[in-house]
């Protein structure tokens, strides 16, 4: 995340998915950061920035828009001199997409400047911010990212690293932080490893930290390891140092990284995203075979699952939908009206492929139902005889409080309707979802150990959150009670 101060669940949440990238010990570090962020552009398209260090001073450039727009003037990148840099691509929501929220943040202190980038969402941000403001802290943005720096300053007399450790134990939720000081780069991951973060190394020995391994590949960095829950990684001239701010950890990677967010060529905790998605498709075919003439995937995040479904069921895999490569993601569009227009701009049906055919459509998820409804209409308008909707993840019934743009239940299609009611509303001939059990088996995280749910966060599907919800708890419990009352009323009316 990093860039929308969050509020309790009864108010519209402003969570987001973002990408972070850092490099230490490489000439033209900012150029490498640019390439790395370009590969992470799918994680956020509303703002971007880079801060570099030459060993003495920190230099910053950030702005709203896509990375290529932010750095349209090559002089801006050349100005970011030094052999260390951190960068950020941001997804924000309407009303809060101001320059003040674009990262990395740069803070100038008499005892040394600090830059900070963050992916994730803090569940106790409201409480912490109020406490800090009451103690005299002045916030420059409405992002929960800034909270960490204020906490560090509160404990700074103990030294920077002890202050950072203490602060990391005060923030809760999902977070991957990257910090840059003039002579070192620091990475930290939340105690559940909810958001991904990995380490790579260049041929010249320089270290790289990124949200996804695809960002290592673009600059020919060799993957070394994933950052583990509770770890504090310190990179300086002496090399890489692995420390911990807590050992009270349990792996719970966000399952939506595998389902939707990450690029298919990325590897998260030993699992290639494409392979996981393909296996989701295979298991979906085992659970829900349909009688159809062909299988098509919804580009781009569903293509892997669709190929797995087609292979398993023995049907031809066709290109029935085409995606324009020049439109941003619709799930990450701030308003419903923009999302609906975005679907038409983004996708078109291939009439010559689907006309007169029974089509099995594989998609990665249904969140608000908007896209599915329009895809089905599009395929019917193109002459499809039957449209069977197959979702390679379970019904999205519960909010995410760790950094996805769904923090209230009111938006969730599956929270309000049964599968049959959803089928009717989107206009499909059939609608099927992958089970939670099959999702966990499909991803199959090798280093999960005995962690619940195979080392994954699957709370969006079953309500079993890996952490306390803190500021969100009251609003969330209220929504659960309201739902119970609704269901009870419906039962008595029957």
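The values are calculated or read from the model by the stated rules, or taken from the named source; none is laboratory data. In this text the structure is predicted, and so the values were computed from the model without any measurement. Here the Cβ positions follow ideal geometry from the backbone for every residue, glycine too, while neighbour counts run over all protein chains shown.
Somewhere in region 362-373, is a residue over 30 Å from residue 123 (Cβ atoms) and in contact with a helix residue (DSSP H, G or I) (Cβ under 8 Å, 6 or more places away or on another chain)?
Yes, region 362-373 has at least one match.
As an exercise: evaluate residue 19 against (1) over 28 Å from residue 264 (Cα atoms); (2) touching a strand residue (DSSP E or B) at 6+ places or on another chain (Cβ under 6 Å) and give the number of the one condition it does not meet.
Every listed condition holds for residue 19 apart from (1).
Can you pull out the helices (runs of 4 or more DSSP H) entirely within region 124-169 that have at least 2 residues that are more than 20 Å from residue 471 (Cα to Cα) and at pLDDT 95 or above?
Counting at least 2 such residues, we get 146-154, 160-168.
How about region 391-423: which of its residues are assigned to a loop (DSSP other than H, G, I, E, B), in contact (Cβ under 8 Å) with a residue 40 or more places away in the chain and more than 14 Å from residue 256 (Cβ to Cβ)?
Hit for region 391-423 is 408, nothing else.
Can you spot a residue in region 464-473 that is closer than 27 Å to residue 359 by Cα and buried (at least 16 other Cβ atoms within 10 Å of the Cβ)?
Scanning region 464-473, I find no residue that is closer than 27 Å to residue 359 by Cα and buried (at least 16 other Cβ atoms within 10 Å of the Cβ), so the answer is no.
Touching a strand residue (DSSP E or B) at 6+ places or on another chain (Cβ under 7 Å), part of a strand (DSSP E or B) and surrounded by 16 or more Cβ atoms within 10 Å (Cβ to Cβ), is that true of residue 216?
Values: touching a strand residue (DSSP E or B) at 6+ places or on another chain (Cβ under 7 Å): yes; part of a strand (DSSP E or B): no; surrounded by 16 or more Cβ atoms within 10 Å (Cβ to Cβ): yes.
So residue 216 fails the test.
For region 465-494, how many residues are in contact with a helix residue (DSSP H, G or I) (Cβ under 6 Å, 6 or more places away or on another chain) and either farther than 19 Å from residue 414 by Cα or outside any helix (DSSP H, G or I) (or both)?
Number satisfying all stated conditions: 3.
Condition check ((1) over 26 Å from residue 161 (Cβ atoms); (2) modelled with pLDDT under 95) across all residues:
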{"residue": "186", "(1), (2)": "no, no"}
{"residue": "196", "(1), (2)": "no, no"}
{"residue": "206", "(1), (2)": "no, no"}
{"residue": "211", "(1), (2)": "no, no"}
{"residue": "228", "(1), (2)": "no, no"}
{"residue": "255", "(1), (2)": "yes, no"}
{"residue": "261", "(1), (2)": "yes, yes"}
{"residue": "266", "(1), (2)": "yes, no"}
{"residue": "279", "(1), (2)": "yes, no"}
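When you check residue 192 against the structure, is it crowded, with 21+ Cβ neighbours inside 10 Å and in a loop (DSSP other than H, G, I, E, B), yes or no?
Numbers: crowded, with 21+ Cβ neighbours inside 10 Å: yes; in a loop (DSSP other than H, G, I, E, B): yes.
When the stated conditions are applied, residue 192 passes them.
Given the criteria closer than 24 Å to residue 303 by Cβ, outside the structural domain of residue 283 (by TED's automatic domain parsing) and within 24 Å of the chain's Cα centre (by Cα), does residue 436 qualify?
no
Out of the residues in region 435-449 meeting the condition of being part of a loop (DSSP other than H, G, I, E, B) and at pLDDT 95 or above, tell me which one is farthest from residue 282 (Cα to Cα).
Of all residues in region 435-449, those part of a loop (DSSP other than H, G, I, E, B) come to 435, 444-449.
The next check asks that each one be at pLDDT 95 or above; those that pass are 435, 444-446, 448.
Numbers: 435: 12, 444: 14, 445: 17, 446: 19, 448: 22 Å.
Restricting to residues being part of a loop (DSSP other than H, G, I, E, B) and at pLDDT 95 or above, the top hit is 448.
Quick check: anything in region 282-289 modelled with pLDDT of 95 or more, over 28 Å from residue 221 (Cβ atoms) and in contact with a strand residue (DSSP E or B) (Cβ under 6 Å, 6 or more places away or on another chain)?
From region 282-289, those modelled with pLDDT of 95 or more are 282-289; that's our starting set.
Going one step further and asking which of them are over 28 Å from residue 221 (Cβ atoms), we end up with 282-289.
Filter again for in contact with a strand residue (DSSP E or B) (Cβ under 6 Å, 6 or more places away or on another chain), leaving 284, 288.
Within region 282-289 (the criterion being modelled with pLDDT of 95 or more, over 28 Å from residue 221 (Cβ atoms) and in contact with a strand residue (DSSP E or B) (Cβ under 6 Å, 6 or more places away or on another chain)), the answer is yes, since at least one residue qualifies.
Determine, yes or no, whether residue 446 is surrounded by 18 or more Cβ atoms within 10 Å (Cβ to Cβ) and touching a residue at least 60 places away in the same chain (Cβ under 8 Å).
No; evaluated as a whole, the condition is false for this residue.
Among the listed residues 132, 164, 151, 168, identify the single one that is assigned by TED's automatic domain parsing to the domain that holds residue 194, out of contact with any strand residue (DSSP E or B) (no Cβ under 8 Å at 6 or more places or on another chain), surrounded by 21 or more Cβ atoms within 10 Å (Cβ to Cβ) and farther than 21 Å from residue 40 by Cβ.
Matching residue, one of 132, 164, 151, 168: 151.
Applying the selection to region 424-433, what residues are part of a helix (DSSP H, G or I) and crowded, with 16+ Cβ neighbours inside 10 Å?
426
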